[in-house]
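Just so it is clear, none of the values below were taken in a lab; they were calculated from the coordinates. All of these numbers come straight from a predicted model, not from anything done at the bench. With ideal geometry, Cβ positions are generated from the backbone for all residues, glycine too; neighbour counts draw on all protein chains shown.
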Amino acid sequence: MGTFDNVEQAPPDAIFAVLNAFKADTDSRKINLSVGAYRTDEGTPWVLPTVAKVEGTLKNVNHEYLPIDGNPVYNAGMRDLALGKDSIAIKEERTCAVQMLSGTGALRIAAEFISKFHQSKTILVSTPTWGNHNAIFKRANLDILPYRYYKAETRGLDFEGMIADLEAAPEHSTVLLHACAHNPTGVDPTNEQWAQIAVVMKQKGHFPLFDCAYQGFMSGNLADDAFAIRYFVEQGFECLVCQSCSKNFGLYNERAGCLTAVLSTKEAAAAVLSQLKILVRSSYSNPPNHGAAIVANILSDASLYKDWEDDLNTMSGRILSMRQQLHDAIVAKGATQDWSHMLKQRGMFTFTGLTPAQVERLTSEFHVYLLKNGRINMCGVNSHNIDYLANAIVEVTK
Ligand code: PMP
């Protein structure tokens, strides 16, 4: 009898399961729309030219430990990226920033921090949300309360539902907000709606936890994509911001992320930093160097920064163009339903509204792989497969 003989087999991760089925398919027309990463028009991964350039020039590389809170130049750059250099919170020295194991690691440490130090253990999470959010918050022993977000009829925001749920929640709850490019729906509040969300959250004393995984990647404009975060800080909110460099620097496997905290005083910022370091120390001791070193170089050099913004525009521009072209092709081929949501939704994903049965047909008959909830990654669409894909979508929605 072995010690772990009673361990039950866990189900495979939904996204990786779709990926494995795609890999096993031998049809040359197969299309993968499930992957959460950027692809070029040739369907290949893309190393950002600015990242490649910096990578070739990294000097003084050794393999010494980084500090527990990571690379200080990186942390300052990431904080400025989220809050804006001229943020009042930075001027008043009431922020701290800690390098994290990408966005997921930042969410995990943020969740543990909230679980340990916030008076309320309740966290409000949008329905639907990125699958890992619920798993992460559950592991940190937070009480998850869903809030309405997506309206199937309009394939847009359920703004009234969201506001009503924020109002009905216990006071001083934490609210997880996707800073931009909501995953999986691609549906974001407008700037005016963010302002109304802020009013309700202030009345209720709710605490914002921002997940910022797509800054610059959505619109190509770093400030526009950080609007919600910066607006809340201007309105006097404290907050935590979980940042990822996976998408906007294309550094998926380097695990470069950051947790930036805005507090009410300089003293609180110092104390929070000290406690975050304790959580990091007992989790993985200190973070990896390579990805953060690349990002630190780019963020601290005006010319590289500009080059990186060009790279962001290349990626966001291609995605926007695919949205338009796929929409137009579906309409041209005689779509029987409205597809305007494909143009209105933003970022990497479109929440198509395809039913599980239609998704099943797309996969079994047309070799098109996507998540059961109908989410497609626009980066999987390119000039070579767009015509075939539009046809397949029209066929299954007839
Ligand atoms: N949050 C959201 C909303 C995401 O979509 C992702 C990546 N798919 C992440 C966080 C975390 O990604 P990573 O750990 O690679 O930074």
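If the reach is capped at under 16 angstrom between alpha carbons, list the lysines near residue 138, excluding any in the same chain fewer than eight residues apart.
116, 121
With charges set only on the Cβ (+1 for Lys and Arg, -1 for Asp and Glu), what does the dipole of region 95-159 come to about its Cα centre, in debye to the nearest 20?
Charge dipole of region 95-159: 100 debye, to the nearest 20.
Using a ≥ b ≥ c from the Cα gyration tensor of region 180-309 (square roots of the eigenvalues), is it rounded, prolate or oblate, where a/c under 1.5 gives rounded and otherwise the larger of a/b and b/c decides, a/b for prolate?
It is oblate, given that a/c is not under 1.5 and a/b is not larger than b/c.
What does the net charge come to around residue 294 if you take all other residues with beta carbon closer than 11 Å to its beta carbon, with K and R at +1 and D and E at -1?
Once all neighbours under 11 Å are counted, the net charge is -1.
Might you report the magnitude of the Cβ-based charge dipole of region 1-114 about its Cα centre, with Lys and Arg at +1 and Asp and Glu at -1, to the nearest 20 debye? The partial results should precede the final answer.
On the way: 11 positive and 15 negative charges, 77 e Å.
Here region 1-114 has a charge dipole of around 360 debye.
Which of 27, 328, 188 comes first, and how do the rest follow, when ranked by fewest Cβ neighbours within 10 Å?
27, 328, 188
List the aspartates and glutamates whose Cα sits under 17 Å from the Cα of residue 277, skipping any in the same chain fewer than 8 residues away.
Partners within reach: 69, 112, 267.
Give me the net charge for the shell around residue 218: Cβ to Cβ below 11 angstrom, other residues only, Lys and Arg +1, Asp and Glu -1.
-1
With a ≥ b ≥ c taken as the square roots of the eigenvalues of the C-alpha gyration tensor of region 72-300, please select rounded if a/c is under 1.5 and otherwise prolate if a/b is larger than b/c or oblate if it is not?
In terms of gyration-tensor shape, rounded.
Report, please, the projected area of the chain averaged over directions, based on the convex hull of its C-alpha atoms, in nm². Walk me through the intermediate numbers first.
Details: hull surface 87.0 nm².
Computed as one quarter of the Cα hull surface, the answer is 21.7 nm².
How many angstrom separate the Cα center of region 119-159 from the Cα center of region 347-398?
25
With a 10 Å radius around each residue's Cβ, average the other Cβ atoms per peptide and rank 353-361, 209-217, highest first.
Output ranking for 353-361, 209-217: 209-217, 353-361.
What number comes out for the charge environment of residue 344, summing +1 per Lys or Arg and -1 per Asp or Glu over other residues with Cβ under 12 Å away? List each step's numbers first, then the result.
Working: positive: 155, 323, 346; negative: 188, 338.
Neighbourhood net charge equals +1.
What are the ³J(HN,Hα) couplings of region 182-198, residue after residue, when phi is run through the Karplus curve with 6.51, -1.76, 1.60 and θ = phi - 60°? Round to Hz, x for glycine and proline.
Result, ordered by residue: 3, 10, x, 8, x, 9, 10, x, 6, 4, 5, 5, 4, 4, 6, 4, 4 Hz.
For the chain, what does -39500 (n - 2.57) per DSSP helix run (n ≥ 4), summed and divided by total residues, give at 222 nm, in deg cm²/dmol to the nearest 500?
-14000 deg cm²/dmol
Would you work out which of 286, 297, 84 lies farthest towards the positive end of the dipole of the chain? Charges go on Cβ: Lys and Arg +1, Asp and Glu -1.
286
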